[in-house]
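The values are calculated or read from the model by the stated rules, or taken from the named source; none is laboratory data. Just so it is clear, the model here is predicted, and its values are computed rather than measured. Glycine gets a Cβ as well: all are built from the backbone with ideal geometry, and neighbour counts include every protein chain shown.
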Amino acid sequence: MKGCDQMAENMIEVEGLVKRYGKETAVNNVKFSVSTGEVFGLLGPNGAGKTTTIEMLVGLRKPDEGTARLAGFDIRKEIGEVKEVIGVQLQSTSLFELLTVQEIMKMYASFYPSNVSIPELIDEVLLTEKKKDRVKNLSGGQKQRLAIALALIHDPKIVFLDEPTTGLDPQARRTLWGIIENLKARGKTIVLSTHYMDEAHVLCDRIGIMDQGELIALDTPAALVKNLQSDSAIEFSLLHNEDVSFLDSLQAVKQVSNQNDRYVLYTDSIQLSLTDLIQQASSKNINLQDLQMRTATLEDVFIHMTGRSLRE
Amino acid sequence: MKAYWQLTLAQLLIFSRNRQVLFFTLLFPLILMVALGSFVGSGGGVSISVSIVNQDDTNASKEFIALLQETEAMDVTISDDLTIALDRLEKGDLQIVVDIPEGYGNAVSNRTEDDPAYSLPVYYNETNLSASELGLTVINATVDEWSKELTNYSPIVEIESQGVRALNIQYIDFLVPGIVAMMIMSNNMNGVAGQISAWRERGILRRMQGTRLKASTFIAAQITARLALNGLQALLVLLIANFIFGVSVNGSWLLLIGLVILGTLAFMALGFIIAGVAKNPESAGPIAGFVTFPMLFLGGVFFPISNMPEFLQPFVQILPIAHLSTALRETMNVGTPITGQWLEILILSGWAIGAFFVASRTFRWE
C-alpha cells in the first residue's frame, strides 16, 4: 500500500484547496499539514469555511482547485481508498431514529471490509447501557458519542470531527473531550473543528484559525497566544458617549478593542497599564464599570487578528 | 453483499417499528374495498323498485300488473296514492312509478284497429338515470310483449339473446384488482419519494456517502425491503378479498404475484425519480400527489378505461397504472394466462426499466 510510506511523516497534506459557490469563495487557498498522531484544530466563527474544508477532505464536495493527500491517497483521484482510511463525524449528523445503537453500528460496520469489535467500541464511547435503546431516545451527548463511534467502526487512521460539542451541555462536552483524548492516546490523527476556544486549547496540538474562507494563522495554542505580544487583558465597561481617545495612549497598551461599550486593552505590563488607566479615568471623572484582568486567550488572538469576536 | 443485507434488514426493522405507516397504508385500501364493495356491489347488479298506482282496478289492469310482477329484474309494489308514490320517487326510494289511470281497462278492451295506442304514464327520476333507464327498458319490453299478445301479433324476426361470458362478475370483482393496483402505486411512489427525500434533508444519506457504501447497493437494498413489504401488503389485501368478499382469482396466483412484483418495481422507480427531483421532503408529497392523483382516476382503478372520453384514450393507454390494473383484472376476473398478457407485461417492464435508468441518473445523496 502506497499510503504506508508516509506514515511517519505527514498523515494529511492539504494543498491550496479552493471552493467557490457562485461568486462567493467559501474556502480560499487553504494549505496545511497534519502529522501522524496529531490533533489538529480548525477554529473560526460560523461561516469561516471550516465545514466546507472538512467536507472537501472527506470527499463530500469536490474542490474547485487544489487537492489533498490523506495517508498518501489523493482526494481527487483515490476517494475510495481515502474513505477507507478516514472516519467522519459530520456536523448535525442524523441517523435512522428507529434503529438501536447496536443495530446501527452493525449496519455501518457492514459498509467496510473490516471493523473493530462492536461491544468494545460501544464501551469506549460509554454507551453500553444504551446499546439496546433506539437512537430516537438518546440524549444529544449520547447521539454525538454514537456518531463518533460510527466514525471509528472500521479503525480509521484519520478521524474528522466537525464541531462535535456544539449544542452540548458542559458535562456532555467534558465527557466527549475525554473520549477524544483517548483517541489521541491510541495514536489516531484527528482533525477537529470548533468555535469553542477552551476546547481548542485543551484538545489540540496545533490550531489553524480560519476567517472568511482563509487560514489566517497556524500554530500551537500557546504560541498563538504568545504571538499576541501582550499576554494580559484588561476588560471594563464604559457608559455611552465617553471620550475614549486616551485609551490608545495608555502605558504599555498594544491594542484596544471595543464591543458594545465593553473595552479590552491588551498589554505587556498589566501593572503599568492599570495604574495609568485608573489615574486617567479618575482625573477625567470617568466611571470604569465591571473592571477585570485576565491572561489573553485564543479568543483574544482571534479578535486581535480580525478585529471581530468569534461568536459575532 | 454484507452491506446489502444489513441495509435491507435495517429497512425492514424500520418498517416494522413504524407501525403507524404500516397500519394506515394497509387500512386505507381495505376500508375502500369494504366501503365501495358493500355499498355498490351488494346483490350483484342494479335493483329497480317500481311502484304501480292502480286507479283503474279492472281485470285488464290486474293482468298487466301480474305481468310486471313476473319480471325478475324489478321489485314491484302496488300503491294506492299517486302523490305518495311520486314523493317516494323523488326521494330515491323508487326508480319508476307506473300510473294506471281510471278507464284504462275500458279503453284497452274496447279498442279498435284504428284507435291510437293507449299512452300509459310512467314517471322516473332523472337524477338516477341509469336505474331509471333500465327500468323503462324493462317496462317497455313488458308492455310490448303484452300488446303483441293482446293483438295476437306474430313477429317476423326475433332476437335470441345469449350471454357471451359465462363469468359472473360483480363490481367488487372489478374493484379489487383496481384497489391492489392503486395500493401498489401510492405506497411505492409516495413511500419512496417521501422517505428518501426526508433522509436526504436530515443528512442521513450524506453520512452514508462518507463511507464506502455505493449508491447502487443502497438502492438495491431499498428495493428488496420494499418489495417484501409491499408484496406482502398486496397479498394480504388479495387474501382478504378472496376469503371475506369471495372475490375469486380465476387465473394463476403465481402470475398474480409476478404482476404485483412488476408493478412494485415500476412505481418504486418512479418514486426514486420524484425523490431525485424534489428539493425537500415538503415538496415530495405534492409532486407524488400530482402524479398519482390523475392516474387514480384515469388508470382504470375505479372505472373501466373504456368509459374514458375518446380524446383521453391515447394518454390513458400509456399510463403504467392502466396496464397494471388491466393485467391484475385479466388475471383475477377472467383468468387470462401469461401468454395473453404479454403486451401489459411488456409495457410495465418498459416503465420499470426506463424509470430505473432515469432514477439512477437523478439519485442524489444530498
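Would you check if there is a residue in the stretch A:123-130 being within 28 Å of B:Lys214 (Cα to Cα) and either without any contact (Cβ under 8 Å) to a residue 12 or more places away in the chain or among the aliphatic types (A, V, I, L, M) (or both)? Yes, the conditions are met somewhere in the stretch A:123-130. Cβ-Cβ contacts under 7 Å between residues 6 or more apart (or on different chains), taken from a first residue in the stretch B:18-38 that is surrounded by fewer than 15 Cβ atoms within 10 Å (Cβ to Cβ) and modelled with pLDDT under 80 to a second residue that is outside any helix (DSSP H, G or I) and of a type in the set (Asp, Glu), are absent. Within the option set B:Leu238, B:Leu213, B:Leu256, being in contact (Cβ under 8 Å) with a residue 24 or more places away in the chain, farther than 19 Å from B:Leu12 by Cα and surrounded by 22 or more Cβ atoms within 10 Å (Cβ to Cβ) holds for one residue only, B:Leu238. Could you list all residues from the stretch B:111-165 that are modelled with pLDDT under 70 and in contact with a strand residue (DSSP E or B) (Cβ under 7 Å, 6 or more places away or on another chain)? Residue satisfying the conditions is B:Ala131 alone. The strands (runs of 3 or more DSSP E) falling completely within the stretch A:24-113 that include 1 or more residues that are of a type in the set (S, T, N, Q), within 24 Å of the chain's Cα centre (by Cα) and within 13 Å of another protein chain (Cβ to nearest Cβ) map to A:86-89.
So, B:Ser42, is that one hydroxyl-bearing (Ser, Thr, Tyr) and either at pLDDT 80 or above or buried (at least 17 other Cβ atoms within 10 Å of the Cβ) (or both) or not? No; evaluated as a whole, the condition is false for this residue. Of all residues in the stretch B:323-337, those satisfying the criterion of being β-branched (Val, Ile, Thr) and modelled with pLDDT of 85 or more are B:Thr326, B:Thr331. Hey, any hits in the stretch A:72-87 for a residue that's within 25 Å of A:Gly141 (Cα to Cα) and buried (at least 16 other Cβ atoms within 10 Å of the Cβ)? Looking for residues that are within 25 Å of A:Gly141 (Cα to Cα) and buried (at least 16 other Cβ atoms within 10 Å of the Cβ), one finds at least one in the stretch A:72-87, hence yes. Number of residues in the stretch A:136-167 that are within 23 Å of A:Leu60 (Cβ to Cβ) and assigned to a loop (DSSP other than H, G, I, E, B) equals 10.
Residues of the stretch B:219-257 that are over 19 Å from the mean Cα position of the chain (by Cα) and of a type in the set (Ser, Thr, Tyr): B:Thr224, B:Ser252. Screening B:Pro286 on (1) more than 15 Å from B:Ala355 (Cβ to Cβ); (2) within 14 Å of another protein chain (Cβ to nearest Cβ); (3) part of a helix (DSSP H, G or I) shows it passes everything except condition (2).
Among the residues of the stretch A:119-137, is any of a type outside the set (D, E, K, R), away from chain B (no Cβ under 14 Å) and in contact with a His (Cβ under 8 Å, 6 or more places away or on another chain)?
Restricting attention to the stretch A:119-137, the residues satisfying the condition of being of a type outside the set (D, E, K, R) are A:119, A:121-122, A:125-128, A:135, A:137.
If we keep only those that are away from chain B (no Cβ under 14 Å) too, we end up with A:119, A:121-122, A:125-128.
Next, from what is left, pick out any that are in contact with a His (Cβ under 8 Å, 6 or more places away or on another chain): none.
Within the stretch A:119-137 (the criterion being of a type outside the set (D, E, K, R), away from chain B (no Cβ under 14 Å) and in contact with a His (Cβ under 8 Å, 6 or more places away or on another chain)), the answer is no, since none of the residues qualifies.
Can you pull out the residues in the stretch A:176-207 that are closer than 27 Å to A:Gly47 by Cβ and not in a helix (DSSP H, G or I)? First the steps, then the outcome.
If we filter the stretch A:176-207 for residues that are closer than 27 Å to A:Gly47 by Cβ, which is where we start, we get A:176-177, A:180, A:189-207.
Selection gives A:Thr189, A:Ile190, A:Val191, A:Leu192, A:Ser193, A:Thr194, A:His195, A:Tyr196, A:Cys204, A:Asp205, A:Arg206, A:Ile207.
Restricting the first member to the stretch A:174-192 and to residues that are under 24 Å from A:Glu55 (Cα atoms) and among the polar types (S, T, N, Q), and the second to residues that are modelled with pLDDT under 90 and not in a helix (DSSP H, G or I), no beta-carbon pair is closer than 8 Å while six or more apart or on different chains.
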